[in-house]
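Below is one structure; the comments refer to it alone.
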Amino acid sequence: MLKNKIQTREFNYTNGNLGVQTGSKSVITLNLSRITQDWVRETGGSKEDLTGLGERINTILSRVYKYHIAYNELLWEMYDCGLLPVYKAGFISLNKQYLTIGLNALNQAAEFLGIKCNVNDDYRNFCQFIFGTIKESNTKASGKYFGHKITLNTECIPAESLAIKNYNWDKEDGYWVPKDTNLYASYIYKPNDKTISILDKLVLHGKDYIGDYLDGGSAAHINIDHHFSKEQYDKLLKFAAENGCQYFTFNCVNSECTDCGYISKEPFKVCPKCGGTHIDNYDRIIG
């Protein structure tokens, strides 16, 4: 989980939500590209009026909620049978965990409609519409079912394996797929778009595109090839705050010389200590 609806102020460890006992207990992911393409082909819809797309998404969600509710009941059956000891011990709570609507292929859905995935009004409106539609539906569907509380939220999930599967499934079934990548990313920006600056990424993951519309969040992974100065980081943090970017991380490759064991917080091809060229690189991919 990247964001949650916890309202109370209480102590919480930075290495996990041990205090609030929250997280996702089930995630069902929507392929936004396929949903959008089906809507356009069947109804002739366009970016000028997304109302029909919202109705299509709500129809799909009504079915997804049934799967979530059924799975939730299975968890409670397991709990009652003593098969979930971590929950029984009170380390985590079924009532506090989310049933999550995962999102994948946001970029491709926008591109199919002729919308560029950068800082522009059309894309901002599209993001707000998609996230806002699902959040409103989730809010209405949240409540008690069979005596058990459920809370729904939305998240652009990492989709480490599903992103590739969705792309391949769509390609095999004759859907449009982009040629500049072989998977569907789960960022607001396109990770392979070299024209998107760090500032753009923070804006796209900020209040005007995500805001409270995407209540489960989406992390902006800012990949850099060298560390900035303290002053530069300070300005970037202030810029992120001003633009409402609530969750982001700076990822810089670490390098290790396997000849002498020298480790650097920045990438290198030739070891500055021994001159060796047998180098291992380490980077945070997601999470």
Taking a probe of 1.4 Å and leaving out DNA, RNA and ligands, the chain shows per residue an accessible area in Å² of 54
Under the classification rounded if a/c is under 1.5, otherwise prolate if a/b is larger than b/c and oblate if not, where does segment 120-179 fall, given a ≥ b ≥ c as square roots of the Cα gyration tensor eigenvalues?
oblate
Applying a 4.7 angstrom Cβ cut-off across the chain, unpaired cysteine residues come out as C81, C117, C127, C156, C245, C252
Quick check: from the Cα gyration tensor, does segment 176-218 come out rounded (a/c under 1.5), prolate or oblate?
oblate
In sequence order, calculated HN-Hα J values of segment 61-69 (Karplus, 6.51, -1.76, 1.60; Hz; x Gly/Pro)
5, 4, 7, 4, 4, 5, 5, 4, 5
Determine how many Å³ per residue the convex hull of the Cα atoms of the chain encloses.
181
Inter-part distance where segment 202-236 and segment 154-197 are each reduced to a Cα centre, Å
20
One point scatterer per Cα, no solvent, Debye formula: log10 I(q)/I(0) for segment 49-204 at q = 0.14 Å⁻¹ comes out as -0.84
Across all Cα atoms of segment 50-139, Rg and the largest Cα-Cα distance (Dmax), in Å, are 17.9, 53
Of all alpha-carbon pairs in segment 95-155, indicate the percentage at a distance above 12 angstrom.
71
Once amide H atoms are built 1.01 Å from N in the peptide plane, which residues 5 or more positions from Y145, or in another chain, come under 5 Å H to H?
I150
Residues meeting the amide H criterion for N251 (H placed from the backbone, H to H distance under 5 Å, 5 or more places apart or on another chain) are I222, N223, I224
Whole-percent carbon and sulfur share, accessible surface of the chain, 1.4 Å
52
Dividing the helical contributions, -39500 (n - 2.57) per DSSP H run of n ≥ 4, by the residues of the chain yields a 222 nm value, nearest 500 deg cm²/dmol, of -11500 deg cm²/dmol
So what is the relative contact order of segment 172-281, in percent, for Cα pairs below 8 Å that sit 6 or more residues apart?
21
Using Cα-Cα distances under 8 Å and only pairs 6 or more residues apart, what relative contact order does the chain have, in percent?
17
Amide proton proximity set for S24, modelled H, under 5 Å, gap of 5+
Y98
Check the straight Cα-Cα distances from K116 and name the lysines below 28 Å, setting aside those fewer than 8 residues away within the same chain.
K3, K47, K135, K165, K171, K179, K190, K194, K201, K207, K235, K238
Sort W76, W39, W169, W176 by accessible area with a 1.4 Å probe, largest first.
W169, W176, W76, W39
Between segment 46-86 and segment 249-287, the Cα center-to-center distance that results, in Å:
43
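The values are calculated or read from the model by the stated rules, or taken from the named source; none is laboratory data. Remember, it's a predicted structure, so these values are computed and weren't measured experimentally. Neighbour counts are summed over all protein chains in view; Cβ atoms, including those assigned to glycine, are modelled from backbone coordinates with ideal geometry. The area values use the complete protein model at the heavy-atom level, side chains included, leaving out ligands, DNA and RNA. Shrake-Rupley method; radii C 1.70, N 1.55, O 1.52, S 1.80 Å.
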